[in-house]
Structure formats: C-alpha cells, structure tokens
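Just so it is clear, none of the values below were taken in a lab; they were calculated from the coordinates. Because the structure is a prediction, the values reported are computed rather than measured. Cβ atoms come from the backbone with ideal geometry, glycine included; neighbour counts cover every protein chain shown.
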C-alpha cells in the first residue's frame, strides 16, 4: 500500500513538472490600447423648476464615436436640425441619457451596432476572442428581466443594455442614492460599422470620484473601452501586424 | 404569595378567574407578577425567577420553552445603567445599531422587528423603523424580560425577532421613598424622586425622573455637535387595588417630555454655508388600566385597556434671519382593548384565549390633514399548554390578525421543553412571525422635488397615479395597480433549538441555535414611468432573507465566602444575516467586487458578510463582585463586536471591501458601589463609574458612542 502511494506521488510530481515545462513559446501578443472617455455628459440637470424645485434637463441623448473617442452630439445641443443631421449617420456608436445607454442600431439608429453584457472582468477580454454570438440590436433584446409584481410580470426594456438597477450596467443603492457600475460586467459590442470591441463603465459622476460620491453632479459617464479596427474578435494584435 | 413546589408548573396555580366589570375599567387589576425584586442581591441570583412574556402567563424562567433571558434591577443598578440601551448593550444576543436613534438587533433583525413592551403593552413611535431605546428610563423597573425568536402568535406584529418586556416593580407594602442624583461627563445628569406605599389591599408608586445632557461633539472641525443637548422628563404611576378577593384592578400611566437643541450647517453646491438652529420636542404618554377577575377557581378573566400617544416636532431655523426652513410634525395614537381568559382544565392542561381591537391614527406634516390615516385591527389568539409529563411539556399558540389596511394573517407556533433531569433543559420551537407594513409602505404619497420621482404607499397608490395621469405626467403604466393584491405583512418562519445545563450549582451553560426564514420583505418597485423619465414607485412583497446563528451564554455565580460572591456572564453570538438573492447570485458566480484601483474580481460566498450593520461575531461580558457584609459591589461590563458592513462603494450593493466596514471594537464599563446605613431605615448608596474605558469612538460611523465618560451618583432610600 505504502509503495502504491509512493508511486502515486512520483507520478503526480512528474505530471506537475511536465506541465511546467510544456508551456509553448508563443509570439508575444500586443494588447490594443485601452481608450478612456471622461465625463461624457448624459443629459445632466440644467436647472430647477422654480416653483417645485424639480430637476429639469433637456431630455436628450449624447452620442459618442468609439472609433475616434469623440463626442459627436452633446445632450446640451438642442437645435433640432443639427441633432437630426448628427444622429442620422453611422459616425456615432453609443449614446447616453441618464442611466440609459443606446447603441446605433435597431430602434436607436441607422447603424449596425449591437451589444451584450458579459459577466467577466474587463481585464480578461484580452485572454480570448470576444464571443461570436449573443449580440443584439436595440429593440430586439428579449432577455431583460421583467418586473415581477403581484399582478404578474411586466416586460422589461428591449434595449441591448437592459434598463433598471441590477439589470444592465449599474446598481442603484437606495441607502446612499449612488449609481455605481456593477463590477464584473463587460459590454461586448460591435460599432455602427461592425467592428468588435469591449467596454466597461467606471463612473456616473463628474470627475470620476473614487470612492463614488453622490455630492458630485451625476449623469457624467467615465468609461474605458477598446475597439479592434481590423474586424476580428481578438482584442490584441500580433507583432507582425505592425 | 403562595409557595409552590418547584416542579409544580407554578404559572398554572395562578390561574384566577373573573367577572368582567366594564364599568370599573378606569382602574385596573393587580397582575400576578410576584415581587422578586431584590432586597438582598445575593439571594436574588439564587432564586428562580418567574417570567410572563414568553407565554403571557407566569412561569418559572427555566421552564419556558423559548429562549428567554431576564435582566434584574440589580444588574441595572450595579452597571450604572440609566436608559434601556445602556443595559441592553451588554446583553448576549443583542446588538445596538444607530439609524435615526439607537435601535436594537436581535437574531440579526433590524430594530423594527422587535416589539418593546412596558408592562406588557407596546411602546410606539418609530423613526425609519427604529424605536430609539434611549427614550426609555430604567427607573422603577423590577426587571426586563427578553424573549428571542418570534412571539407573533401571542403579540402580533413586530414580535418577529423578539420581545423585550419592561416589568415595573409592584409597590411595596410599606411607605418608602428614594431619591437619586447622578452627574457625569458632558454635563449628563439624572435625578429621580420616587415614593411608594401600600397595604395588602392595594398600593401605589410614583416617580419623576429628569435626564439631561449637554450633548457631545466628536468632530470639532464640523459645525454642530454630534449629539444634541436635551432634557427629558418622565413621570410614572403604578397603582393596584383589590376590590374584593376576586377582583383586582391595576393602573399604569406614564408621560415623557423631551426637548432638544442643536445647531448644524448646510451647504448647497457652489453656495456659501448656511447655519441653522434645530429644535426638537417629543411628547409621549400612555395609560393602561387593567382588571383581573377570578371567575372560578380555575378560570380568570383579564381585561386591558391601553392608549398611548407619541408626538414629535422638529424645526430648523436659519440663524441669520430666523426663517423656518424645515418643519416636521408627527403624531401617532394607538388604542387597544383586549380581553383574555385563562382556563386551567386540570393539572395537565392550561388554555388562554383572548381577543382585542386596536385603532391607530396618524397625523403630521407628511400626511395630508384631510386624509389622516386611520386603521382598525381585530385579533384573536389562543394558547394551550400541555404538561404531558415531568419529562416533556408542549405549548401551542396561534393568532389571527385582521387589519383594515393589509392582508389578514394567521400565525401559529409550537414549542416543546424536555427535562431529562433537574440539571438539563432542552428546548425546541417552530413558529411564525410577522411585521405589519410600516406607515410609509401603506400611506406615503411623496414626490421627490429634485429627482422628480414619486413614491406611493399601497393605500393612496391607485388614486395617486390617476392624479398624476390626469395632470399629464404619466408616460406609461407598467402595471395595472387596480389588480394588485393588498400588501401583505412581512413574514418569517423561525426554528430555535437549544438548551441549558447546570453543571455545578454555580455554573450554568446555555446554547441556542436559530434559523429565521423571512419572506415577503417589502421593497419598492416601479409601477409607472413619468414623462420626465423618472419612475413612480410602489411597495411590494419581494425580498427574502435568512438569519441564522448560535447564541451561547455561560453564567458563573460562585460564592467566595459567607459574605462575598461573584456573578459572571460570558456571552457569544455567531450570526449570518443574508439576502437570498445575493447568495444565489454568488453561487452562480456572477458577483464581483471592484478594488479601489479598478480591478474586478469574482467573489465567493466567504466574501459575503451579510446585511449591513450585522457583525458575524459578538461577545458580551458582565462580571460583578458582591460583598454583602460591607455593602460593596464592583462591576465590569462590556461588549465586543466584529467588523460590520455599513456601505457599498464598488457597486455590488453589499460590503466586501475593507473600506466598506466599521472595524471591530470593544466597549467596556466599570463601576464601584458602596452601601452605607447611617440610621436604620435610611440607606445611602454611592457609586462611581466609567463608561467606554478604552475611549473608542467612530465619530461618523457610530455617533452614539461617546468617548470615555465618568460619573458619580448618590442614592438615598428612606
């Protein structure tokens, strides 16, 4: 019996060492640069109703181009013609109004942007190619949790990024009244022109306060993301690509 | 009082009976509570106390089938405790938690799940669910009884986590007076004057207590104190009279008045700081007549009337122009009439049946004066005790509550006690508990001016949404509120299993395992979306939690020699209080944390410490040295609690990062008391004490914990 265990240990040791030695020497990957978008306004409070003190805002989206890291149309722009012109093309990829996030596709725009939420830390998106399926356009998402009520379920939103606390990208803390991005959620998306990328939200408050601070103005998005311009689902380049 | 054989199910013998004379209800009946309030401290510890809370009839503490603890007036006295929180803080199984006042947690439940009774009748007045236990003076009490686990089958709503019953001492049969005065740090003072007297046919006791403090400031760089200055007066009357051998009438009345003053500063973004005076007042009173009629040798009828009122007022005055910036009034009245029949069938069977009506009224700033909420409530309860043999006793009880504003409910409980020997008691119970929806969950109609959202309680919800819709403010309804079932009470099923063992005459160990399964916890959910994008919220029975753990206590009362003894209690509690939804999500592997540097990492079940404000481990200590010869008592008492979560920063809605916790801490107090007798019949007790010896403070996190405080007190008994 003793002998058996001895053999077993040796076997294990061999397998273990063998595993160590067998790491292949792959060419080193070069990560894509992570882009940072800071304080993208998403229809912030503009004024207060003088009689009730109620917060007022423009009730408009900000539209953002992920390829160039540029704000295409701010929610502060109210001119209808300009808004129509700027929102009609595929130059923008993602839009924000309050906690609602839209992608330029489906019911939200003329592009072919799609998205899905992965339960993965953002850091791990380099490890493997992004998923090939599961992406939906705004208006065609059937997975958003319905609101369970005693009168029966009420269907959830149909946007690619579900609305509501705990359903999409954020949690609302009713004690501190803070909106915080849910940790361990990464949005995999395709841009309006079909390039793959990944994104995570960092803050909903102006100046990306750490820890989050509800005294700072809300509806200011800070997020990090990357886009693979070559159309593949890998978020890295091989050295030969240079 | 009759002397009973020890195993003779003492409670039963006291089953009196009655003829109910409604006309005489302005006075009230003598309770059956015997006076075991102590003349001699050593003797008291030895005596087997009688308790009433667990079964609503008298029973020896050790024969009660549910986890029950008593805290005697001796302990209150020697620990220098003034307010209810002072003495509960050092009690095994009870944790204090600050949230709009000092609340208590029992078995991991927040303050709104514990019922607090004064002589068997509920104390009302909660802010955000918390009943501030520092409102209640400990003067005039014989003892406190603490029942852990649900007792809703006897007491109804709120008795879900436990019941704390403050038992006044009955008046003595001779004239006596007592005066005490205490002064301590932060100009905290307490004065009491008490007179009592009686004969065998009746008695009366009156006391007046004033408790005041200048308040303290733990954050001197912030304008305004941590706690306000206040003065609090309590007047209390307890009287009883025996109208005949069979009819006893009892009356209790109490009034409390508190005024407090404070200052604070508030600063809107981008504006200059504005300073305010804050003034608050609280007025409470209660009246409690009771009549006890012995109908026959084996039946007794008890009729109780109770009315209590709780009223607060708060003003914020801007200092520069005395403009009243904020005003809030709250007014609650609670009236109850109850009738209870105790029946002793034979030596093995005892029943209690009863029923009552409760009316409640609410008024104040938050409720429109045109439609002040009013509710009515009927209930019936029944309890049967079956003393099957010396070895085993059963107790079953059930209660039906029919309330005008939430769904009716039925609450049963079964408990059993097994006594394999005189030294061992094994207890098990399974019972249901419930908590009625809070006032806001029923009656609130509120629109947040800055956020633009609205919240409706279940009663005004339908009308409120119709009104918003008529004003063109509703974009879409998410559900048809007319089809909603009425809001249900929050509901628990609890299991308690444990026992006690007397290892030596001076050494007893107790253990209790508890598991509370709570469903139908009330949370908000959107019911409609407004045109401004904000939601209209309603209250629904949604969440599920469970709390489970171990309560254990070791009590040592060794006699050192003929004059001196020790009395030491060591308590330890292990607790898990968890949200089922979070537990399920963690088990699915979808829950992550985010480090301050932004790295996301998956959390396991070990990273989940449970609901906010709950320490997984807590310990308590009560140690006293008592020398009856020289009248000296020394006490060291305190508690320790492990860290507990208080906020979420990384977006997963529970505490997992170190900066989301209040660190563990210990609070220890010590006193020395000496009794002098100058002339016979005049007794004089001097005490010095120190609270929070280690001077632990967390100014923002635990504002109710002041630094080290000293005090000295004198008491005359004449």
Problem set entry | Overall Cα dimensions of the stretch B:625-718, principal axis frame, Å, largest first | 69, 21, 19
Seminar exercise, completed: Once both label points are put 7 Å beyond Cα along the C-beta direction, the residue B:374-residue B:277 separation in nm becomes 3.8
Exercise. For all pairs of alpha-carbon atoms in the stretch B:575-695, what percent lies in each bin of width 10 Å, listed from the first bin to the last filled one?
Worked result: 12, 28, 19, 14, 12, 9, 5, 1
For this session: Can you tell me the alpha carbon radius of gyration of the stretch B:301-419 divided by the globular rule-of-thumb value 2.2 N^0.38 Å?
Result: 1.66
Problem set entry | Estimated translational D of the protein assembly as shown in µm²/s (Stokes, Kirkwood radius over Cα pairs; 10 °C; 1.306 mPa s) | 50
Exercise. Which value in Å is the Kirkwood Rh of the stretch B:62-101 over different Cα pairs?
Worked result: 11.8
Problem set entry | Value of Rg to Rh for the stretch B:542-590 (Rh from inverse mean 1/r over Cα pairs, i.e. Kirkwood) | 1.44
Exercise. What is the stretch B:139-208 by shape, rounded, prolate or oblate, if you read a ≥ b ≥ c off the alpha carbon gyration tensor as root eigenvalues and call it rounded for a/c under 1.5, prolate for a/b larger than b/c, and oblate otherwise?
Worked result: oblate
For this session: Report the normalised scattering of the stretch B:379-467 as log10 I(q)/I(0) at q = 0.18, 0.22 Å⁻¹, calculated by the Debye formula with identical scatterers on the alpha carbons.
Result: -0.86, -1.03
Exercise. Using a ≥ b ≥ c from the Cα gyration tensor of the stretch B:118-159 (square roots of the eigenvalues), is it rounded, prolate or oblate, where a/c under 1.5 gives rounded and otherwise the larger of a/b and b/c decides, a/b for prolate?
Worked result: oblate
Exercise. So what's Rg/Rh here for the stretch B:431-491, counting alpha carbon atoms and using the Kirkwood radius for Rh?
Worked result: 1.05
Seminar exercise, completed: Quick calc: nm separation of the 7 Å Cα→Cβ label points for residue B:183 and residue B:605 -> 5.9
Seminar exercise, completed: Full extension between residue B:695 and residue B:307 adds, at 0.36 nm per residue less the Cα distance, a length in nm of 135.5 nm
For this session: Let me see the pair-distance distribution of the stretch A:29-129: every alpha carbon pair, 5 Å bin width, integer percents in order.
Result: 2, 11, 18, 20, 18, 13, 9, 6, 3, 1, 0, 0
Exercise. Other chains' Cβ within 10 Å of A:173-182 residues: what's the mean?
Worked result: 5
Seminar exercise, completed: Mean shadow area (nm²) of the C-alpha convex hull around the stretch B:167-284 is 10.1
Seminar exercise, completed: Restricting to Cα pairs under 8 Å and 6 or more apart, the percent relative contact order of the stretch B:593-697 works out to 23
Seminar exercise, completed: Here the convex hull volume per residue of the stretch B:196-237, taken over Cα atoms and given in Å³, is 57
Seminar exercise, completed: quick shape note, the stretch B:460-561: Cα extents on principal axes in Å, largest first -> 82, 25, 20
Exercise. Once the Cα atoms of helix B:461-470 and of chain B are each reduced to a long axis, what angle between those two axes, in degrees from 0 to 90 to the nearest 10, is obtained?
Worked result: 20
For this session: Set the Förster distance to 35 Å, then compute FRET efficiency between residue B:469 and residue B:493 from the Cβ-Cβ distance, nearest 0.05.
Result: 0.30
Problem set entry | Spherically averaged projected area of the stretch B:238-290 from its Cα convex hull (nm²) | 5.2
Seminar exercise, completed: Computed over the stretch B:295-365, the distribution of all Cα-Cα distances in 5 Å bins, rounded to whole %, is 4, 12, 15, 10, 10, 9, 8, 7, 6, 6, 4, 4, 3, 2, 1
Seminar exercise, completed: Of every Cα-Cα pair in chain B, the percentage lying beyond 48 Å is 16
Exercise. When you look at the Cβ of every residue in B:476-487, what mean number of other chain Cβ atoms sits within 10 Å?
Worked result: 3
Problem set entry | Relative contact order of chain B, defined on C-alpha pairs under 8 angstrom at six or more residues apart (%) | 11
Problem set entry | Cα-derived Rg over Rh, computed across the stretch B:66-165 with Rh taken as Kirkwood radius | 0.92
Seminar exercise, completed: With the stretch B:506-633 reduced to its Cα atoms and the Debye formula applied, log10 I(q)/I(0) at q = 0.09, 0.13, 0.15, 0.18 1/Å amounts to -0.53, -0.80, -0.91, -1.07
Exercise. Under the definition of Cα pairs under 8 Å and six or more residues apart, what whole-number percent is the relative contact order of the stretch B:108-182?
Worked result: 38
Seminar exercise, completed: Cα-based Rg then Dmax for the stretch B:587-655, in Å, read 21.0, 66
Problem set entry | Paramagnetic reach from residue A:132 in the stretch A:218-235 [backbone N under 15 Å; point 7 Å along Cα→Cβ] | A:232-234
For this session: Would you mind computing, in nm to one decimal, how far apart the modelled labels at residue A:39 and residue A:69 are, each placed 7 Å from Cα along Cα→Cβ?
Result: 1.6
For this session: Can you quote the Å³ per residue value for the convex hull of the Cα atoms in the stretch A:96-140, rounded to an integer?
Result: 102
For this session: Could you let me know the centre-to-centre spacing of the stretch B:191-226 and the stretch B:377-441, using Cα atoms, in angstrom?
Result: 35
For this session: Average the reciprocal distances over every distinct pair of alpha-carbons in the stretch A:113-195, invert the result, and give the Kirkwood radius in Å.
Result: 14.1
Exercise. Just counting partner chain Cβ atoms within 10 Å, what average do the residues of peptide B:647-657 show around their Cβ?
Worked result: 6
